[in-house]
1. Those residues that are more than 22 Å from the chain's Cα centre (by Cα) and either among the aliphatic types (A, V, I, L, M) or not in a loop (DSSP other than H, G, I, E, B) (or both), I need them from region 368-393; list them, please.
2. So for region 377-388 (the condition being of a type in the set (Val, Ile, Thr), at pLDDT below 95 and over 30 Å from residue 306 (Cα atoms)), does at least one residue qualify?
3. Could you identify the single residue in 551, 517, 522 that is assigned by TED's automatic domain parsing to the domain that holds residue 491 and under 12 Å from residue 476 (Cα atoms)?
4. Which pairs do you get when a residue that is small (Gly, Ala, Ser), found in region 420-443, comes within reach of a residue that is loosely packed, with under 12 Cβ neighbours inside 10 Å and in a loop (DSSP other than H, G, I, E, B), reach meaning Cβ atoms under 6 angstrom, with the pair 6+ apart or on two chains?
5. Quick one: would you say residue 485 is of a type outside the set (A, V, I, L, M) and touching a His at 6+ places or on another chain (Cβ under 7 Å)?
6. Kindly indicate the residue of region 429-468 that is in a strand (DSSP E or B) and either among the basic types (Lys, Arg) or surrounded by fewer than 23 Cβ atoms within 10 Å (Cβ to Cβ) (or both) and also farthest from the chain's Cα centre (by Cα) among those meeting that condition.
7. Within region 366-376, which residues are over 10 Å from residue 135 (Cβ atoms) and touching a residue at least 12 places away in the same chain (Cβ under 8 Å)?
8. Could you tell me which numbered condition residue 86 fails, if it satisfies all but one of (1) part of a helix (DSSP H, G or I); (2) of a type in the set (A, V, I, L, M, F, W, C); (3) at pLDDT below 95?
Amino acid sequence: MDTVETVPRADDRGRTRWNLVTLGATTAVFAVLVWHRRWISDDGLIVLRTVRQLAAGRGPVFNAGERVEANTSTLWTALLALPGLLPGQVLNWSAVVLGLVLSVAGLALGLDGARRLFGAPPRMVPFGALLVVAMPPFWDFGTSGLETGLIIGWLGLTWWLLVRRIDPGRPREAWWLAVVLGLAPLVRPDLTLVALVVAVVVVVLEARHGWWRLAGLAGAAAALPVVYEIFRAGYYGLLVPSTALAKEASAPRWEQGLHYLDDLVRTYVLWVPLAVLAVVGLALVLGSPPRGTGSAGRRTTLAVAAAPPVAALLLTLYVTRVGGDFMHARMLLPALFCLVLPVMAVPLRRDLVPGLVVLGAWALVCVAGLRPDYGEELGPNFIANERMYYVNITRSPHPITTDDYLGHPVAPDGAATVAAAPPGTFVLRGAQDDWSLFREAPGVPSTIVWLNLGVTGELAPLDVRVHDAVGLTNPLAAHSTSVPDGRIGHDKELPPSWDLADAGVTDPQWLDPGELAAAGAAVACPRTQEMLASVREPLTAARFWENLTGAWERTSYRYPRIPSEAADCRTA
């Protein structure tokens, strides 16, 4: 039987070259801009200390001897652990490069997914991608040592796999997509909202194959997060990371969240590109819908195209509900990226040229000069331009390494003080902005308490306990009540008397002796002692089981932050 080879037409080859050059150049420009703003934030340094403890054989903890999950992104910590286990690796630079690679890969996958959505091979031009490439927050958090690069990469990969699954000849894509969707809570818990929306579309795509296939896909998606959740509850004694307790992620703070949303929209005049994107998206749907065979095929394709905007809306609502973040724009970047995925690239058509011109003009203005008007200072509603803040105080254009952060005005002196002090010394920032030293009870490791955990943890020895007052690494602070209307992400502010009492300090020095005594009584409360035992006792099989079975009640346990109110063991 004769076979006929399909030879690509010359115009098809020309369109393919056009797309490679155009979309490839867009990705390359984004890579250059992200590299230009390379850095590691204080929160990024928190992740690196956890990786160093893991490499030293102490487990995935921030402080030796305390099983506290100080990082929100489990998968980001795991990925950084790979270069962290190799000798001679500068972990700080590994975090920067990995964040850059994942950010750029996410954009590239998003562009290719949009190209595939409209069939092949039309000439495509970057459209929604211009919003991503032009906005400085995407440059800033493409590195930063945080999981934002991983989020962008995960979103791009999810979108790319979802679009490929439209093709009925790719049944295996559904299994890869299910596994990737299951990673959502491990990338960042709020991405579960995205995974649920995409899962609905997957059910639509796969329902024709029967319920057994759907059950298998659900099992493939759930396997890893369920196993990790069991590990988390048994190892850390909680159902969520300590960061969720510290920031009270389930508590509504709509007013602060609306301020956070307004800060982003107003700074970058986002109503302009979003309006253009909406008009062009509608024109594409009404004029020539994305590929699909017959009415059923077009409906399926449109359902795929609708999934990212719906997920973006849910993410925006969630972030707004919980009050946003103290870092300018960071928590809304995943929603923005989701929103533009279906129109990341669009066909080059005459009727779309006006929209391209307007969006291109906005992008040039954005790159040239749209920035937060509070510079490196703390802005309205306690929102900060985090990168500019650390560039300013460290006097380094790219604060990344330990040497760069030696320029921090406070943390280096504290880390040097605790490193030089005898074992069992408690170091606390005093009333006169100096470092006060207290003698702890025998057997308690040296401890330093300071807000900038990442910098302090970067500079302090790994066997020194580095605590904060807001609960990211401090179990006492994590389970306390919040300061009413406190700065988002820094709501707890536990008085230092709690840590001093926990360490067995009896000399109050400049602290109120009555407050120290009340804190001692509060720390001695049975439920508080049980909570501390869940993170400090050796991890035996019995301890793992106690942690696992008590995780639900322990996660919800709160007491008043004021020692005198907590001394009688009342709960909040």
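The values are calculated or read from the model by the stated rules, or taken from the named source; none is laboratory data. These figures come from a predicted structure and were not determined experimentally. As a convention, Cβ positions derive from the backbone with ideal geometry for all residues, glycine included, and neighbour counts pool all protein chains shown.
1. Residues satisfying the conditions are 368, 369, 370, 380, 392, 393.
2. Initially, region 377-388 is screened for residues of a type in the set (Val, Ile, Thr), giving 383.
Subset that is at pLDDT below 95: 383.
Now restrict to residues that are over 30 Å from residue 306 (Cα atoms): 383.
The answer is yes, given that some residue of region 377-388 is of a type in the set (Val, Ile, Thr), at pLDDT below 95 and over 30 Å from residue 306 (Cα atoms).
3. On the way: 551 fails: under 12 Å from residue 476 (Cα atoms); 517 fails: under 12 Å from residue 476 (Cα atoms).
One residue alone meets the criteria, 522.
4. Close Cβ pairs satisfying both conditions: 431/510.
5. For residue 485, the condition - of a type outside the set (A, V, I, L, M) and touching a His at 6+ places or on another chain (Cβ under 7 Å) - is not met.
6. Among those that are in a strand (DSSP E or B) and either among the basic types (Lys, Arg) or surrounded by fewer than 23 Cβ atoms within 10 Å (Cβ to Cβ) (or both), it is 439.
7. Those that are over 10 Å from residue 135 (Cβ atoms) and touching a residue at least 12 places away in the same chain (Cβ under 8 Å): 371, 372, 373, 375, 376.
8. So the condition that residue 86 fails would be (1).
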